[in-house]
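The values are calculated or read from the model by the stated rules, or taken from the named source; none is laboratory data. From a predicted model like this one, the values you see are computed outputs, not experimental measurements. Positions of Cβ are backbone-derived with ideal geometry, glycine not excepted, and every protein chain shown enters the neighbour counts. Side chains included, ligands, DNA and RNA excluded: accessible areas come from the protein's heavy atoms. Shrake-Rupley method; radii C 1.70, N 1.55, O 1.52, S 1.80 Å.
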Amino acid sequence: MGALPVYRWRLAPDGYATRRQLRAAGLRPGGQDVAAQLERPRRRRGPLVAYLYRVDRAKPVRPMTPGRWAALAKANAARRTCPECRRDAGYVIPPSLGVCSACAFPTPPYRPVPLPITAYAPEES
């Protein structure tokens with residue numbers, strides 16, 4: 001295999017697209033190899049590289065089957081379930097905490113502060 005053609009940022013010819021651009025058009029690379037690469041220069045580091053695929057060889061995205069939808073719903077439900085209290089948190093539990101916010105930061109029990117008795121005593125006249 002020869003070297004890939006390299007294009008500068010925003011100067012790639014028509015007929016090439018990144019994975020993200022293919023997906024936005026309802027396509028996927030479909031097993032084809034990278035056809036070219038795009039480079040965006042940076043000042044103090046190496047260039048940013050994006051791989052390009054040929055649009056004419058791209059295939060349509062496969063539709064979601066009912067089994068895939070069910071598996072996705074189950075996986076998302078597992079990401080929302082707290083492993084400590086086993087409740088659905090209603091949001092995706094952050095991996096940094098590992099538990100829902102109620103389990104991570106429990107509130108102390110409410111203890112009312114008694115007011116001094118003089119505050120309740122009626123005024124004498």
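Scanning for something exposed (fewer than 15 other Cβ atoms within 10 Å of the Cβ), in contact with a helix residue (DSSP H, G or I) (Cβ under 9 Å, 6 or more places away or on another chain) and farther than 23 Å from ALA3 by Cα, does the stretch 44-58 turn up at least one residue?
Here is the first cut: in the stretch 44-58, the ones exposed (fewer than 15 other Cβ atoms within 10 Å of the Cβ) are 44-49, 56-57.
Narrowing the set further to residues that are in contact with a helix residue (DSSP H, G or I) (Cβ under 9 Å, 6 or more places away or on another chain) leaves none.
Taking every residue of the stretch 44-58 in turn, none turns out to be exposed (fewer than 15 other Cβ atoms within 10 Å of the Cβ), in contact with a helix residue (DSSP H, G or I) (Cβ under 9 Å, 6 or more places away or on another chain) and farther than 23 Å from ALA3 by Cα.
Check GLY98, GLY31, GLY15 and return the single one that is of a type in the set (Gly, Ala, Ser) and open to solvent by 70 Å² or more (accessible area, probe 1.4 Å). Spell out how you get there, then give the answer.
On the way: GLY98 fails: open to solvent by 70 Å² or more (accessible area, probe 1.4 Å); GLY15 fails: open to solvent by 70 Å² or more (accessible area, probe 1.4 Å).
Matching residue, one of GLY98, GLY31, GLY15: GLY31.
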**Study point:** Listing of helices (runs of 4 or more DSSP H) fully contained in the stretch 10-125 that carry 3 or more residues being of a type in the set (Lys, Arg) and within 26 Å of the chain's Cα centre (by Cα)
**Key:** 19-24, 66-80
Study note, to complete from the structure: Considering the stretch 59-73, residues that are charged (D, E, K, R) and surrounded by fewer than 12 Cβ atoms within 10 Å (Cβ to Cβ), and then whichever is nearest to ARG28 (Cα to Cα), we arrive at ARG62
